[in-house]
Amino acid sequence: MYDIPASRGACTMKSVQVEIFNQSYNVRGDLDEAYVADLARYVDGKMRSVAAATRTVDSLRIAVLAALNIADEYHALRQRRASVEDDLRFRAERCLQLVDAALKDSA
């Protein structure tokens, strides 16, 4: 059984059975059952994609390659988020400069 920390959803501690790559797992935590099922489907899909692309039958290798794929997606999203935050920060500072300039002109 794997405990998932409470980071999403608000439910009481319970066990949810999911299937990933033809293996059943009981996931215990306080996450919403539908959310856990969505996570499991996502991981299952990644593992199946890796298995099809590599023609590997070793489930451990498939799991590691799927984990690397998911980690790559996660880091790309983090980089994209940081870029968007930087752009928003720049725009907000520019707006403040324009407001300051407008206030000085009207004074």
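Among the residues of segment 25-47, write down those that are in contact with a helix residue (DSSP H, G or I) (Cβ under 8 Å, 6 or more places away or on another chain) and charged (D, E, K, R).
Of everything in segment 25-47, just one residue is in contact with a helix residue (DSSP H, G or I) (Cβ under 8 Å, 6 or more places away or on another chain) and charged (D, E, K, R), namely 46.
Looking only at residues that are open to solvent by 50 Å² or more (accessible area, probe 1.4 Å) and part of a helix (DSSP H, G or I) in segment 28-42, which one is farthest from residue 16 (Cα to Cα)? Walk me through how you get there before you give the answer.
Step one: filter segment 28-42 for residues open to solvent by 50 Å² or more (accessible area, probe 1.4 Å), giving 28, 32-35, 38-39, 41-42.
Filter again for part of a helix (DSSP H, G or I), leaving 33-35, 38-39, 41-42.
Values: 33: 6, 34: 9, 35: 10, 38: 12, 39: 12, 41: 13, 42: 16 Å.
This residue is 42.
Could we say that residue 106 is of a type in the set (S, T, N, Q) and open to solvent by less than 80 Å² (accessible area, probe 1.4 Å) here? If you could, list the steps in order and put the result at the bottom.
Numbers: of a type in the set (S, T, N, Q): yes; open to solvent by less than 80 Å² (accessible area, probe 1.4 Å): no.
Here the answer is no, as residue 106 does not meet what is asked.
Conditions first: (1) in a helix (DSSP H, G or I); (2) modelled with pLDDT of 95 or more. Residue 105 passes all but one, so which condition is the exception?
(2)
Here is a check on your reading of the model: is residue 46 basic (Lys, Arg) and either open to solvent by 90 Å² or more (accessible area, probe 1.4 Å) or over 20 Å from residue 18 (Cβ atoms) (or both)?
Numbers: basic (Lys, Arg): yes; either open to solvent by 90 Å² or more (accessible area, probe 1.4 Å) or over 20 Å from residue 18 (Cβ atoms) (or both): no.
No, not satisfied.
Give all pairs with beta carbons closer than 8 Å in which a residue from segment 58-75 that is surrounded by 11 or more Cβ atoms within 10 Å (Cβ to Cβ) meets a residue that is of a type in the set (S, T, N, Q) and not in a helix (DSSP H, G or I); count only pairs at least 6 apart in sequence or on separate chains.
59/23; 62/56; 65/56
The values are calculated or read from the model by the stated rules, or taken from the named source; none is laboratory data. Source: prediction; values computed, not measured. Don't worry about glycine lacking a Cβ; one is built from the backbone with ideal geometry, like all the others, and counts go over all protein chains shown. Quick note on the areas: whole protein, heavy atoms, side chains included, nothing else; ligands and nucleic acids left out. Shrake-Rupley method; radii C 1.70, N 1.55, O 1.52, S 1.80 Å.
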